[in-house]
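Below is one structure, written out as C-alpha cells; the observations come after it.
No lab work stands behind these numbers, since they all come straight from the coordinates. Since we're looking at a predicted model, the values are computed, not measured. Positions of Cβ are generated from backbone atoms using ideal geometry, with glycine treated the same way; all protein chains shown enter the neighbour counts.
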Amino acid sequence: MIKRIVTGLFSVLIPVCVLSFIIGGVFHIVLGEKNYSYGGYHDGEYVVSDNTTYANHDIKGEFEQMLPAKSGLTFMLSGVDADIMISDCDEICVTVKNGNTERDVKVALSTMGDTSIIEIHPTNITFNLTGGLINWLDDIFGNAPKCSVTVKVPQGIYQNLTVKQGSGKVSINNIIANYNDIDIGSGSFYYVKTSVKVANEFDVSLGSGKAVLENANADRYRFNIGSGYFSAKGLTGTGNVNIGSGNVTLSYQSFSNLYLKKGSGTLNMLVPPSTSFKTTASIGSGWITLDTDNADQSINKSGEYYIGSEETGNIFDVNNGSGNIYIKNNDGNDFVEVPQTSGIIADSSYSSSSSSDNSSSSSGSLEPSYASGITSTQPDGFEENSSDASDSSSSGTELLTQLIYQTYITDGIFRYCQ
C-alpha cells in the first residue's frame, strides 16, 4: 500500500516539477530578471571601480539632484512622463515630481565609466543594465505613479545616447549624439535634434508603443518595429528595417539604400522628387504602389525593377509579406526647424564676434565654466549637413552651425573649439 502511494505521488510530482521548470524558463526569457540590486546601489554615495552613485531613493513628492555629464547618456524610464532637453548648465539636472502620495517612484542616478545613468520608474519595475530588460507585467499592472520627470543636460555632442523605455511618455529635445540606441516597449516616444549634425547611427526597437523621430539624418539606421506606430523624418544614409504588423512612415531627406523585411504591416515611404533606385522585390500577397514624379505603377510580383534612372546606384531591397508599401514624393525638404530657444543658443546676444573673445562674452555664453583642453580638433564621426547649412541665408542657422562646431564632449570633459 505504502509503495503504491509513494509511486503515485512521484508519478504526479515529476510532471508538475518539469512543467514548472519549463514555465519558469519561459517567464524568465519573456519578462526579464527580477534583480533589485542594480549596480550595487544603496542609499548614499560611494565609489567602486570608477562607478559613483549620486542617488538611489524611493520617493514621494518632489526630488532634485545634479549629476556629472559624461560622454555617454543612458536613460532607463518607465511609468513616468519625461522631458529631456539641453541647457547651459555644467551638469545634468534631474527633477522628479511624484503626484501619487501612496506609491513610491525609484530614482537611481549614477556614473559608470564614461556614461551618466538616469534610472526612474515605479519601485516594482526592474531594469537589467546589460540587457535593458523590463518586468513588463509589473509595469502594466503595477499601478504606476503619476510622475513627471525633467532632465536638463549640458549642450554638446555626446558619443552615445541610450534610452530604455517601458511605458509612459518620453520626449527628447535636441540631445545630439553620434550613436543613438532607443528601445521602446509600450510607451510613447518623441525625438528631435538639429539637422546640422549628421549622426553616425540610429538603432530603434519598438514593441507596441508609438515613436516619432524628426531630423533623424544619419550615416546608418536600423529600425525593428513590432505592432506599434512608428514615424521617422529627415532620413539619410543606409537603412535596415524590420516591420511586423506595425504602421510605419519613413520620410527621406535623401534616399540611398534600404534593406526592408516586412510582414503584414503597412509602410508609407516619402522620397524627394527625382529619386531613383533599383528594387529587388520578394513579394507574398502584398503590393508595392508607386505614385512619384518618375513612377506610377503597382508591383505585386517578385523580381527586379528600376524606378527612375537605370544608372542609379541606390538600392531598395524588399521582402514583403501580406502588407502594402506606398511610395510617394515629399516636398524635398524633410527637416523641421529646431527653435533656438531649445537651449543650443544659450544667450540670444551671443554673436560670432564674441567667439574670438570668450572672456568678454555675456552671461549665458555657451562656454562651460569648467571647459578645459581647448582644441580645434573635431570629434570622430562629425559631419556637417552641407545642404541644410549652405542653402539658408539665415544668420540664425549660420550661428547654430558655428556653435555646434564649437562645443562637444570627449572623455566626459567639455572641449571648447576656437
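Observations, loosely collected:
- Over 20 Å between alpha carbons, listed pairs Lys164/Lys210; Lys70/Lys169; Lys197/Lys261; Lys169/Lys210: Lys70/Lys169; Lys197/Lys261
- Couplings for segment 69-78, taken from phi via the Karplus curve 6.51 cos²θ - 1.76 cosθ + 1.60 with θ = phi - 60°, read 8, 9, 6, x, 10, 10, 10, 10, 10, 6 Hz in order; Gly and Pro are left as x.
- Whole-Hz ³J(HN,Hα) from phi, Karplus 6.51 cos²θ - 1.76 cosθ + 1.60, for segment 294-301, glycine and proline x: 10, 7, 9, 7, 10, 10, 10, 10
- Computed from the C-beta positions of Thr150 and Asp104 and an R0 of 25 Å, the FRET efficiency is 0.85 to the nearest 0.05.
- Pairwise label distance in nanometres, Lys301 with Asp114, each label 7 Å out on the Cα-Cβ vector: 5.4
- At 0.692 mPa s and 37 °C, Stokes diffusion of segment 187-308 via Kirkwood alpha-carbon radius, µm² per second: 220
- If you model segment 163-202 as an ellipsoid using its alpha carbon gyration tensor, with each semi-axis the square root of five times an eigenvalue, the axes come out at 21, 11, 6 Å, biggest first.
- Computed E for Met85/Thr312 - FRET, C-beta separation, R0 35 angstrom, nearest 0.05: 0.30
- Extension gain for Asp219 to Thr280 (0.36 nm times residue separation, less C-alpha to C-alpha distance): 19.7 nm.
- Note on segment 204-273: the alpha carbon radius of gyration divided by the globular reference 2.2 N^0.38 Å gives 0.99.
- If the segment from Asn240 to Gln65 were pulled out straight at 0.36 nm per residue, it would be longer than the present Cα-Cα gap by 59.1 nm.
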